[in-house]
1. What FRET efficiency do you get for SER320 and LYS430 if R0 is 25 Å and r is their Cβ-Cβ distance, rounded to the nearest 0.05?
2. Excluding VAL28 itself, what net charge comes from residues whose Cβ is under 9 Å from its Cβ, given Lys and Arg +1 and Asp and Glu -1?
3. In sequence order, what are the phi-derived ³J(HN,Hα) couplings for region 54-65 according to the Karplus relation 6.51 cos²θ - 1.76 cosθ + 1.60 with θ = phi - 60°, rounded to whole Hz, with x for glycine and proline?
4. Work out from phi, with θ = phi - 60° and the Karplus expression 6.51 cos²θ - 1.76 cosθ + 1.60, the ³J(HN,Hα) of each residue of region 285-300, listed in order in whole Hz, and give x for Gly and Pro.
5. Quick one: Cα convex hull volume of region 206-446, Å³ per residue?
6. How many Lys pairs in the chain lie less than 21 angstrom apart by Cα atoms, where the lysines are 8 or more positions apart or on different chains?
7. What spacing in nm lies between the two simple spin-label points modelled at LYS244 and THR194, each 7 Å away from Cα in the Cβ direction?
8. Given Cα positions, please report Rg to Rh for region 97-173, the hydrodynamic radius being the Kirkwood one.
Amino acid sequence: MALKITVIGTGYLGATHAAAMAELGFEVLGLDVVPEKVGMLAAGRVPMYEPGLEELLTRHVTGIEGSSGRLRFTTSWDELEEFGGDVHFVCVNTPQKHGEYACDMSYVDAAFASLAPRVKGGALVVGKSTVPVGSADRLARLLAEHAPEGVDLAWNPEFLREGFAVRDTLHPDRIVVGVDCERAEKVLREVYATPIAEGSPFVVTDFPTAELVKTSANSFLATKISFINAMAEVCEAAGGDVVKLAEAIGHDERIGNKFLRAGIGFGGGCLPKDIRAFMARAGELGADQALTFLREVDSINMRRRGHMVELAREAVGGGSFLGTRVAVLGATFKPDSDDVRDSPALNVAGQIHLQGGQVTVYDPKGMANARLVFPTLGYADTALEAVRGADVVLHLTEWREFRELDPAVLGEVASRRILLDGRNALDGTKWREAGWTYRAMGRPRA
Ligand code: UDX
């Protein structure tokens, strides 16, 4: 008989994981403490923008015509207990603690406390949340104390990218499982039999290594971005072109050409908080020296936002932003997402607004979330409306829609034709030919 699976916490990670598990043929119950979220998911709707996820949900959620009926959602721990799952995935979030670098484990701890007395004997609990190294050992002890006989723990970090969550979950580039018994490995091989058969590498480790794989992968990615952004700073000082430089070094297979796009830097719900939590945890372990370079990675990244503000100031005459109109294209931290958490784009828009500029933002999917975070910014319904009357246009999130804009049409409505490309993603030649001054980060002015 197919395994019965529960997924605790149905945010980006949990909602996608639950739908993917149903797609793989398992009977799935998703639990979240937020009734509105559960209400939407139970109706086959996704509380955030994630390409392909709604289609996957509606293929499986119970009660939707033509669905497999294998996927249900609830807010009730009693229902979870009655369901009698064989495998329980804990997918709750671990945000940065207020006023500290460390990560807030309260949701993970609460989930384990509620789950432990309700799992059936012999079940497997699998942590997927990003946690400080050492958490799995501690949570295994908690289960030994409060869960029935024979309940094991595994740690199975998640590497999904927003915007590609469905693909990354169904076809992972690797599956990492931290286990302390053979049985846990066997069960997880059964859960992931389909992607394993398709060739996804299955890496078995101990608990601390599995936890570290996740934080070190994100630290490496953040370092790669800050490296190229540091090169952008040097290129600007020396008159070089960081885009050409990235292309050239990327041909070396050992370096690779991915994640070398210079611009206003990284944001989102993962990279910034994960590198900070990693530094905090290393400090607790007495290994803080090993990660001091991440402090530099973080500060190079944060400096990019300030640099973009200065480029904009220069573009409007070099003094104050008072009385100037600034169009901002993009509010989300990356394209194909509606997520504005720690978004560099919104941060830059906010800084200019707070310095007296009249900022008008347009984003294809992030408007509602941006309005919640920054209600005092101006918002327009289209890119064209945002640009109308602008003294300078800032391209801050690389949506495809912005690459397809017609510079001539925008030039008709802008007050001055100055475009600053904060993502090095637009075709500068095309904009210059339409009479725009095009300036990108880390590239010559031309
Ligand atoms: C990241 C990791 O990629 C993923 O494996 C992990 O599970 C969660 O964190 P995500 O937050 O969705 O995923 O975003 P990602 O695609 O990694 O981009 C992060 C940020 O870096 C974005 O703000 C993006 O604009 C920026 N970025 C990315 C660059 O500035 N330059 C690049 O070359 C690549």
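Where a number appears in this text, it was derived from the coordinates with a stated rule and is not lab data. Only a predicted model underlies this, so the values are computations on that prediction, with no experimental measurement involved. Because the Cβ atoms are built from the backbone with ideal geometry, glycine has one as well, and the counts that use them run over all protein chains shown.
1. Details: r = 32 Å, r/R0 = 1.27.
FRET efficiency, SER320 to LYS430: 0.20.
2. Values: positive: LYS4, ARG70, ARG72; negative: GLU27.
Around VAL28, the charge tally is +2.
3. Residue by residue, region 54-65 yields 5, 4, 5, 4, 5, 5, 10, 5, 3, x, 8, 4 Hz.
4. Ordered by residue, 3J(HN,Hα) equals 8, x, 10, 4, 4, 4, 10, 4, 4, 5, 4, 5, 4, 5, 6, 4 Hz.
5. On the way: hull volume 33.9 nm³, N = 241.
Output value, Cα hull per residue: 141 Å³.
6. Close lysine pairs found across the chain: 26.
7. Going by the 7 Å Cα→Cβ label model, 4.8 nm.
8. On the Cα set of region 97-173, Rg over Rh gives 1.03.
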